[in-house]
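A.B. asks: I am attaching a structure below and will ask some questions about it afterwards.
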Amino acid sequence: MTVDSTAARKPRGGKRAGAKKPAAGAGEPELVQLLTPEGERVEHPDYAIDVTPEELRGLYRDMVLTRRFDGEATTLQRQGELGLWASLLGQEAAQIGSGRATRDDDYVFPTYREHGVAWCRGVDPTNLLGMFRGVNNGGWDPNENNFHLYTIVIGSQALHATGYAMGITKDGADSAVIAYFGDGATSQGDVAEAFTFAAVYNAPVVFFCQNNQWAISEPTEKQTRVPLYRRAQGYGFPGVRVDGNDVLACLAVTRAALERARTGEGPTFVEAFTYRMGAHTTSDDPTRYRRDEERELWEAKDPILRLRRHLEREGIADEEFFAALETESDALAKRVRETVRAMPDPESTAIFENIYADGHALVDEEREQFIAYQASFADEESK
């Protein structure tokens, strides 16, 4: 795609005489879209996809259950059951579409918000909550589902994914790797380094950026002068911008990018243009930096409502289907609540374990000091 910059620098001398005001939408990057906000199916010359009615219902179910789990986790945090939570509200299509494009032998490197991708990879939703409750360091075996533990450090997983992709190439595998990150992470040096290594070594990796418009309180226009996907050009591999609220487009684009990686054609940068409808995390207050009108504009493009309109328009799902899914959502929420509240607290000394493979004298000393410190409280109570 060839587009003009959406953040062109203003002339220092002010407006040029006789300069024409650009038409509305001029210079905006083209979005790969297969499903309009009204639920109408459209075609794209480069990303044809054939999806059965059963698969469409499955994608809808994935998004609905992921949103319900995510909402329940937010509620649990507000009730003091979790220390923090990063909601994916509004980004379900980007995550479910791309997640369902992966094969079992592909490897996924997420951030801390890929709850929908985790669902697609078969990770039990309750396993995502242990770290946010503070009872474990992750909660699942990364190699069981080829889904790495959540990465809190911004952008570092792009390097991990690239290194892993370089490794499987040497092993002769035909699988691919996908790394997830947000628009803010594209400003990190780790991501730039990952792009460089991936390009030079032709690594079979897909960089999937969920551009949700805000890096906490910084809007995208304060992070970049050009559309994000165009950054790939400078590193020597293709970039594409997809409608991140269109689950079919995300599925088609990611599937093509992963297949390109598997067949030795190297990395691809996918920018899923979407919107974070909630807070960055539960410690954030988005009303301090963005307008309600902006959120309302994006609510009209809601990814779940979009697919539901299509299902109803084509007669693919009826009220019985939607009612059954609502019941399933309630059951999932109940299981999440009960499981989280039943999570046992870890041993207080567990923090000292697994630091060194063979133990360490300094860690042993610190453990003993901590045990003595805790015992001092018991001594005080007995007096």
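The values are calculated or read from the model by the stated rules, or taken from the named source; none is laboratory data. Predicted model, so just to flag it, every value in this text is computed and none were measured. Ideal geometry is used to build each Cβ from the backbone, glycine not excepted, and the neighbour counts take in all protein chains shown. Accessible surface is based on the protein model in full, side chains and every heavy atom, while ligands, DNA and RNA are left aside. Shrake-Rupley method; radii C 1.70, N 1.55, O 1.52, S 1.80 Å.
A.B. asks: Give me the angle, in degrees from 0 to 90, between the Cα long axis of helix 247-262 and the longest principal axis of the Cα atoms of the chain, rounded to the nearest 10.
C.D. replies: 80 degrees
A.B. asks: Still on this structure, please answer the following. For the chain, modelled as a Gaussian network with Cα springs under 10 Å, which listed residue fluctuates most, Leu89, Leu59, Leu325?
C.D. replies: Of the options given, Leu325 has the highest mean-square fluctuation.
A.B. asks: Going by alpha carbons, how many degrees (0 to 90, nearest 10) lie between the helix axis of 53-78 and the longest principal axis of the chain?
C.D. replies: Orientation of helix 53-78: about 50 degrees from the principal axis.
A.B. asks: Something else now. So, in Å, what gap is there between the alpha-carbon centers of region 58-103 and region 295-365?
C.D. replies: 5 Å
A.B. asks: Give me the net charge of Glu319's neighbourhood, meaning all other residues with Cβ under 12 Å from the Cβ of Glu319; Lys, Arg count +1, Asp, Glu -1. Provide the component values of the computation, followed by the final result.
C.D. replies: Numbers: positive: Arg308; negative: Glu312, Asp318, Glu320, Glu326.
Summing Lys and Arg as +1 and Asp and Glu as -1 gives -3.
A.B. asks: Rounding to the nearest 10 and keeping the result within 0 to 90°, find how far the Cα-based axis of helix 189-200 lies from the longest principal axis of the chain.
C.D. replies: Orientation of helix 189-200: about 60 degrees from the principal axis.
A.B. asks: A further question on this structure: Just to be sure I follow the rule: in the chain, considering lysines 8 or more places apart or on different chains, how many pairs have Cα atoms under 28 Å apart?
C.D. replies: Numbers: Lys10/Lys20; Lys10/Lys21; Lys10/Lys222; Lys15/Lys222; Lys20/Lys222; Lys21/Lys222; Lys21/Lys301; Lys222/Lys301.
Taking the chain as the scope, the lysine pair count is 8.
A.B. asks: A further question follows. Picking from Glu299, Glu312, Glu347, which is most flexible by a Gaussian network model of the chain using Cα springs under 10 Å?
C.D. replies: It is Glu347.
A.B. asks: Shifting gears a bit: How would you order 366-376, 131-141 from highest to lowest mean count of nearby Cβ atoms within 10 Å? Walk me through the numbers before you get to the answer.
C.D. replies: On the way: 366-376: 11.5, 131-141: 16.5.
Highest mean packing first, the order is 131-141, 366-376.
A.B. asks: Any chance you could get the radius of gyration and Dmax over the Cα atoms of region 270-383, in Å?
C.D. replies: 25.5, 75
A.B. asks: Report for the chain the percent antiparallel among DSSP-assigned beta bridges with both residues inside it, nearest 5.
C.D. replies: Of the beta bridges lying entirely in the chain, close to 10 percent run antiparallel.
A.B. asks: Averaging sequence separations of C-alpha pairs under 8 Å and six or more residues apart, then dividing by the length of the chain, give the relative contact order as a whole percent. Present the calculation step by step, with values, prior to reporting the outcome.
C.D. replies: On the way: 638 pairs, mean separation 86.3, N = 383.
Normalised by residue count, the contact order of the chain is 23 percent.
A.B. asks: For the chain, set up a GNM with springs between Cα atoms under 10 Å and report which of Glu320, Glu259, Glu43 has the largest fluctuation.
C.D. replies: Among Glu320, Glu259, Glu43, the largest mean-square fluctuation in the Gaussian network model of the chain belongs to Glu320.
A.B. asks: Could you work out what % of the accessible surface of region 53-342 is carbon and sulfur, using a 1.4 angstrom probe and leaving DNA, RNA and ligands out of the count? Write down the numbers at each step before the final one.
C.D. replies: Numbers: 5540 of 11530 Å².
So the carbon and sulfur contribution to the accessible surface is 48 percent.
A.B. asks: When all protein chains stay in place, what accessible area (Å², nearest 10, 1.4 Å probe) is found for Thr196?
C.D. replies: Accessible area, nearest 10 Å²: 60 Å².
A.B. asks: May I pose another question? Treating only the Cβ atoms of Lys and Arg (+1) and Asp and Glu (-1) as charged, compute the dipole magnitude of the chain about its Cα centre; round to the nearest 20 debye. Could you put the intermediate results ahead of the total?
C.D. replies: Values: 43 positive and 62 negative charges, 445 e Å.
Its charge dipole is roughly 2140 debye.
A.B. asks: Which value in deg cm²/dmol, rounded to the nearest 500, describes the helix-derived mean residue ellipticity at 222 nm for the chain, given -39,500 (n - 2.57) per DSSP H run of n ≥ 4 and division by the residue count?
C.D. replies: Working: 13 runs with 162 residues, N = 383.
When only DSSP H runs of four or more count, the value is -13500 deg cm²/dmol.
A.B. asks: Using the alpha carbons of the chain, what is the convex hull volume per residue in cubic angstrom, as a whole number?
C.D. replies: So the per-residue hull volume is 195 Å³.
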